[in-house]
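The values are calculated or read from the model by the stated rules, or taken from the named source; none is laboratory data. The shown structure was predicted, so the numbers you read here are calculated from the model rather than taken from an experiment. Glycine also receives a Cβ, built like all others from the backbone with ideal geometry; neighbour counts cover every protein chain displayed.
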Amino acid sequence: MKSQTGLLFALPALIVLFMLIAYPVAYTGLLSVTDAKGNFSGLDNFAAVLKPKVTVQAFINTIYWVFGSIVFQVVLGTLTAILLNQSFFGRGALRAITLIPWVVPGIVAATTWAWMFHTEFGIINYMLTGTGVLQNPIGWLTNKDTVMPVLIAINVWKLFPFVAIMVLAGLQSIPNDLYEAARVDGATFWEEVWYIMLPSVRPVITAVTLLLVIWGLNSITIIYAITRGGPANKTLITPIQIFRSAFESFQFNQAAALSVIFFAVTIVVVFIYIKVLSAQPGEAK
Amino acid sequence: MGSVSIRNARKSYGALEILHGVSIDIADGEFVILVGPSGCGKSTLLRMIAGLEEISGGEIAIDGKVVNSLPPKARDIAMVFQSYALYPHMTVEQNMGFSLKLARAGKDEINQRVGKAATVLGLDPYLKRYPRHLSGGQRQRVAMGRAMVRDPKVFLFDEPLSNLDAKLRVQMRSEIKQNHQRLKTTMIYVTHDQIEAMTMADRIVVMHDGVVEQIGTPLDLYDRPANLFVAGFIGSPAMNLLGGKVADGAFIAADGTRIALDRAVPDSASATLGVRPEHFRLDPNGIPAEILTVEPTGAETQVLMRLAGHEVMGVFRERLTVGPGENLRVSPETGSLHLFDATTGQRIER
Ligand SMILES: Nc1ncnc2c1ncn2[C@@H]1O[C@H](COP(=O)(O)OP(=O)(O)O)[C@@H](O)[C@H]1O
Ligand SMILES: [Mg+2]
């Protein structure tokens, strides 16, 4: 078949796709360079959003949030996968249970955890003070030093099962012979993990990490539902800043400008990430 | 050094017993081949020696030391797997040096030993390659090299040639044999291919349904199979087995054909006579046989014929001009006959 004929068949789908993707992007671009009345305003909106300190803080918070989450999601997820790949009684049940946090809707999880971390009524303070670990209850979600780590912990709890399931699938595709060969070669369990399991699932971890980066950069639900960016903007990440300036302050044009900047930075980050990883001399492709 | 002694070894999976008490004594430096049909428990036994499979009963000792409860790495063995089991994300060099690296050997020592094994196996040009960029034969050599680098007490092979094409298999057979002669290390080798066993082994262990049927040198097994199973399993084309009885110092086939025996044998109501295909002679006074198929291979002619009510294979050095449907007269070499008790399957010594 000629390539033009193929194009003809694909055209309707391409047009729909183009409109679905290109239109919102283009419209955001348009919004970012106009004022509220629709008049062209050059880079005014960009200047306006970059000026306040809060924008910089939101950027820093975003990086803290994304990297803090991903490190623990990947490490905890991979360790869980390794555990779930061993054979022991009740493994099937444990695999199913592990998936629960991922299956629970984000808003439900956020609300539940918000209650559990509540300063006065939360079960966590109750248990910690009750057993004497803590003298006085901690304001987990109101203390500026604890709020971000707590939110990251909730985010890790929500997504590590995803990592675990993906890595587990990768581990299950490793032929048993390789473990046996390693055992004959004198490997201990942790040497098997390091030299056989991890290299074999590296492509999976790479792909999953990329997804986690994208999800982390886009995540709104947990933070917005629990702290809305507070206290004192300690948990304000850029997506929430955009959301709030658009739908709470109704500054659509400034929100659009911030979106464009954020989009550009995100693209750069993701590109660097892919480049760095594909440059490694990995073999298990 | 590398003697292996297997005493009444048993293996069960749950209630199902796979190995029913296997005893084999392997001397240091010997090349022993475990052969038998698929599913008879060869791999299981080999894996028990390696420490990859628990030993349900009996004892396995390496170099005089019982290893039942030792993990593989404490047994000083090396194993070549049927699938080769090369680490896909390591180069040939890293694959071969992996065990030394785990043993915390120095870089220089690893390089030197890997280099030496690679030279012997002709792998020098491939050291930096990954397994997926190697041919089947090269992978096989890497698997061998990985075992050789360790200089173990015992090499274990589980059907290492079964993934290779016929020509390469013949070549690798002789390479493995040469390596054995050079290294003089004990080798235990599993195969279902009796030709592989016959051509390579110092001694063959024939297994069947979880028991040892016979242990002996290749020619021992060929010339004096201990029972009907070994008689039928060793040799290609297989030994012809005729049912009948022994009376008056002769074998009487079921259809009444009389075949003389060279020595007095007690009468027996049910016996099986074994004749290897190459032990038939053309003989104008012999037993009449109807020719079914004729297959000339050049050096010899294989003839499938109906003789004494059985389909019987004969191999003749002569070039035969007869064809299917015609008749032939043949007689077995009296001195090369095998006689078995048909009920117990055991050989009747003549
Ligand atoms: N893990 C297992 N559980 C149950 N049965 C097994 C297991 N592994 C092997 N077997 C059985 O043990 C028998 C011998 O297997 P194996 O040693 O692999 O045979 P071989 O190598 O001679 O072909 C087979 O009948 C096989 O089905
Ligand atoms: Mg096998």
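Things to note:
- Residues (within 24 Å of the chain's Cα centre (by Cα) and part of a loop (DSSP other than H, G, I, E, B)) located in region B:143-153: B:Pro152, B:Lys153
- For B:Ile176, the criteria (1) assigned to a helix (DSSP H, G or I); (2) farther than 30 Å from B:Asp223 by Cα hold in every case but one, which is (2).
- Conditions (1) within 12 Å of chain A (Cβ to nearest Cβ); (2) assigned to a helix (DSSP H, G or I); (3) crowded, with 21+ Cβ neighbours inside 10 Å; (4) not acidic (Asp, Glu); number of the one not met by B:Gln94: (3)
- When B:Gln194, B:Gln181 are screened for being out of contact with any His (no Cβ under 7 Å at 6 or more places or on another chain), within 16 Å of ligand 2 (Cβ to nearest atom) and more than 17 Å from B:Ala85 (Cβ to Cβ), only B:Gln194 passes.
- Of the residues examined, B:Thr199 is one that is among the β-branched types (Val, Ile, Thr), touching a helix residue (DSSP H, G or I) at 6+ places or on another chain (Cβ under 7 Å), without any contact (Cβ under 8 Å) to a residue 60 or more places away in the chain and away from ligand 2 (no atom under 16 Å from the Cβ).
- Summed over region A:25-52, the residues that are among the aromatic types (Phe, Trp, Tyr) and over 16 Å from A:Gln241 (Cβ atoms) give a count of 2.
- When A:Leu159, A:Leu134, A:Leu178 are checked against the criterion of being more than 30 Å from B:Met148 (Cα to Cα) and in a helix (DSSP H, G or I), A:Leu159 stands alone in meeting it.
- Residue match in region A:142-150 (condition: assigned to a helix (DSSP H, G or I) and either within 14 Å of chain B (Cβ to nearest Cβ) or surrounded by fewer than 17 Cβ atoms within 10 Å (Cβ to Cβ) (or both)): yes
- In this structure, B:Leu168 does satisfy being assigned to a helix (DSSP H, G or I), at pLDDT below 90 and more than 14 Å from chain A (Cβ to nearest Cβ).
- The residues in region A:218-228 that are part of a loop (DSSP other than H, G, I, E, B) and either touching a Pro at 6+ places or on another chain (Cβ under 9 Å) or free of Cβ contacts under 8 Å to residues at least 24 places away in the same chain (or both) can be counted, and the count is 3.
- The set of residues in region B:61-83 being away from ligand 1 (no atom under 15 Å from the Cβ) and of a type in the set (A, V, I, L, M) consists of B:Ala61, B:Ile62, B:Val66, B:Val67, B:Leu70, B:Ala74, B:Ile77, B:Ala78.
- For region B:30-73, the set of residues classified as basic (Lys, Arg), away from chain A (no Cβ under 14 Å) and part of a helix (DSSP H, G or I) consists of B:Lys42 only.
- Restricting region A:195-211 to residues that are hydrophobic (A, V, I, L, M, F, W, C), in contact with a Phe, Trp or Tyr (Cβ under 8 Å, 6 or more places away or on another chain) and crowded, with 16+ Cβ neighbours inside 10 Å, the residue that is nearest to the other protein chains (Cβ to nearest Cβ): A:Ile196
- Restricting attention to region B:29-46, the residues that are within 10 Å of ligand 2 (Cβ to nearest atom), in contact (Cβ under 8 Å) with a residue 40 or more places away in the chain and in contact with an Asp or Glu (Cβ under 9 Å, 6 or more places away or on another chain) add up to 7.
- Every residue from region B:101-142 that is exposed (fewer than 15 other Cβ atoms within 10 Å of the Cβ), within 14 Å of chain A (Cβ to nearest Cβ) and either touching a residue at least 24 places away in the same chain (Cβ under 8 Å) or in a helix (DSSP H, G or I) (or both): B:Lys128, B:Arg132, B:His133
- Among the residues of region B:51-78, just one is within 16 Å of ligand 2 (Cβ to nearest atom) and either more than 26 Å from B:Val230 (Cβ to Cβ) or touching a Phe, Trp or Tyr at 6+ places or on another chain (Cβ under 8 Å) (or both), namely B:Leu52.
- Among the residues of region B:15-28, those identified as assigned to a loop (DSSP other than H, G, I, E, B) and either within 16 Å of ligand 2 (Cβ to nearest atom) or at pLDDT 95 or above (or both) are B:Ala27, B:Asp28.
- Matching residues in region B:74-88 - criterion: being of a type in the set (Ser, Thr, Tyr), at the interface with chain A (Cβ under 7 Å from one of its Cβ atoms) and farther than 18 Å from B:Leu100 by Cβ: B:Ser83
- Breaking point among (1) in contact (Cβ under 8 Å) with a residue 12 or more places away in the chain; (2) within 12 Å of ligand 1 (Cβ to nearest atom); (3) aliphatic (A, V, I, L, M), for B:Leu16: (1)
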